[in-house]
1. Calculate, for L115 and I141, the FRET efficiency according to 1/(1 + (r/R0)^6) with r their C-beta to C-beta distance and R0 41 Å; round to the nearest 0.05.
2. Please give, to one decimal in nm, the separation of the simple spin-label points placed at S27 and A102, each 7 Å out from Cα toward the Cβ.
3. If I take every Cα pair under 8 Å that is 6 or more residues apart in region 1-129, average their sequence separation and divide by the length, what percent do I get for the relative contact order?
4. Between V84 and I20, what's the calculated FRET efficiency when r is the beta-carbon distance and R0 is 22 Å? Round to 0.05.
5. Using a 1.4 angstrom probe, figure out how much accessible area region 7-139 has per residue, in square angstrom, rounded to the nearest whole.
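The values are calculated or read from the model by the stated rules, or taken from the named source; none is laboratory data. All values derive from a computational prediction rather than experimental measurement. With ideal geometry, Cβ positions are generated from the backbone for all residues, glycine too; neighbour counts draw on all protein chains shown. Side chains included, ligands, DNA and RNA excluded: accessible areas come from the protein's heavy atoms. Shrake-Rupley method; radii C 1.70, N 1.55, O 1.52, S 1.80 Å.
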Amino acid sequence: MKAVNIIGIILAVAIVPLCIYYVDETSAARWASWDFFNEYSTYYGPSAAEVTLEGAGLSAVLVSFFIFQSIINLVKIKTMTSKVLAIIGVSLMGIALLINLALMAEAGTYDEAGLINLVVGPISLAFSIVFLVQTIQFEKIGQKPQNTEVIDDIV
C-alpha cells in the first residue's frame, strides 16, 4: 500500500507539467494551422486534434491510476478518514476521467477542457499524502497487541 501511495504522489506531481505542456502544444498547433502570410508559410506539424488525443489519453491513464488508488485504499485501509477521502476521490477523479474521455471522442480540444487536470494534480497530491499517512498509521495499529492487560495475547 505504501508503494501505491508513493507512486500516486509522484504521478500527482507529474500530471501538472504534463497538462501545461499539452495545453501549450494544442494552442500552438491550432494557431500555427491558420495560414496568415502566404502559401510558403504552411504548418506541417500535428493538428490540434492529434495533440488533444495524445494528451487526453495520457491524462486518462493517470486519472485512472488515481481512481485505482482511491479504490484500493478504500478496500485495504479501514480508517474513517481513508474511507471518506477515497469516496470523494473516486467521485472527483471519475468526473475528470469522463472529461478526458470526452476529449478523446473529439468533443473539443485539450486547451479548452484539459485544464481540469490542473485541478486533479493538487487534489491527488493531497489525497495521496493523506492516504500514505493513513496507511502508516493503520499498519502501526495492527502491530500493537489488542489488549495490554493480557500477557499471552496472540496477534
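1. Details: r = 40 Å, r/R0 = 0.97.
Computed FRET efficiency for L115 and I141 comes out at 0.55.
2. Inter-label distance under the simple model: 2.1 nm.
3. Details: 147 pairs, mean separation 51.3, N = 129.
It rounds to 40 percent for region 1-129.
4. Details: r = 30 Å, r/R0 = 1.38.
With R0 = 22 Å, the Cβ-Cβ based efficiency is 0.10.
5. On the way: 7110 Å² over 133 residues.
With all protein chains present, region 7-139 gives 53 Å² per residue.
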